[in-house]
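**Student:** Pasting a structure here, questions to come.
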Amino acid sequence: MKMLIASLALVVAATTSACGPRQVEVTTGAQPVAEVSIHFTNNLTQAVNLYVTSAGTDVFLKQVAANTVEMVPVHGLAAGTSVTLKARTVDGTRTYTRDNITLASSYEWRVP
């Protein structure tokens, strides 16, 4: 009987230490930095939605407020990629484009 109780105590002690709480450290990794960006100046009196078109697909980058200058990162496209830039007023009445742009680390564009 003593042998059985000692065996059970040993099993319980081993199970408790194996299944006990573990200390885990959770951190956020470094955010990827965009290789290319657009130094965008919106001289209009209303906001515009900024897009980049690559392989026929428009990708929304950001909404830029009226009379604002912003550095807008372009994620997922490498420097040297040929694209079309598009800025469309939020009311949809005007669209500005710049065709066949080769992306670089920083490209400057102003509208209008």
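The values are calculated or read from the model by the stated rules, or taken from the named source; none is laboratory data. As the structure is a computational prediction, the values presented were derived from the model and not from experiment. In this analysis, Cβ positions are derived from the backbone assuming ideal geometry, glycine residues included, and neighbour counts consider all displayed protein chains.
**Student:** Across the range 66-112, what is the total count of residues that are farther than 21 Å from residue 55 by Cα, among the hydrophobic types (A, V, I, L, M, F, W, C) and surrounded by fewer than 15 Cβ atoms within 10 Å (Cβ to Cβ)?
**Tutor:** Residues in the range 66-112 being farther than 21 Å from residue 55 by Cα, among the hydrophobic types (A, V, I, L, M, F, W, C) and surrounded by fewer than 15 Cβ atoms within 10 Å (Cβ to Cβ): 4 in total.
**Student:** Residues of the range 81-112 being more than 16 Å from residue 60 (Cα to Cα) and basic (Lys, Arg), which ones?
**Tutor:** Across the range 81-112, the qualifying residues are 94, 110.
**Student:** Take the residues in the range 53-112 that are among the acidic types (Asp, Glu) and without any contact (Cβ under 8 Å) to a residue 40 or more places away in the chain; name whichever of them is nearest to residue 42 (Cα to Cα).
**Tutor:** Among those residues, the one meeting the criterion is 70.
**Student:** Do any strands (runs of 3 or more DSSP E) entirely within the range 30-98 hold 2 or more residues that are closer than 14 Å to residue 110 by Cβ, and if so, which?
**Tutor:** Filter on the range 30-98 gives 36-42, 48-54, 68-74, 82-89.
**Student:** While we're looking at this one, here's another question. Looking at 10, 4, 44, 61, which is the one that is modelled with pLDDT of 85 or more and out of contact with any His (no Cβ under 9 Å at 6 or more places or on another chain)?
**Tutor:** Being modelled with pLDDT of 85 or more and out of contact with any His (no Cβ under 9 Å at 6 or more places or on another chain) holds for just one of 10, 4, 44, 61, which is 44.
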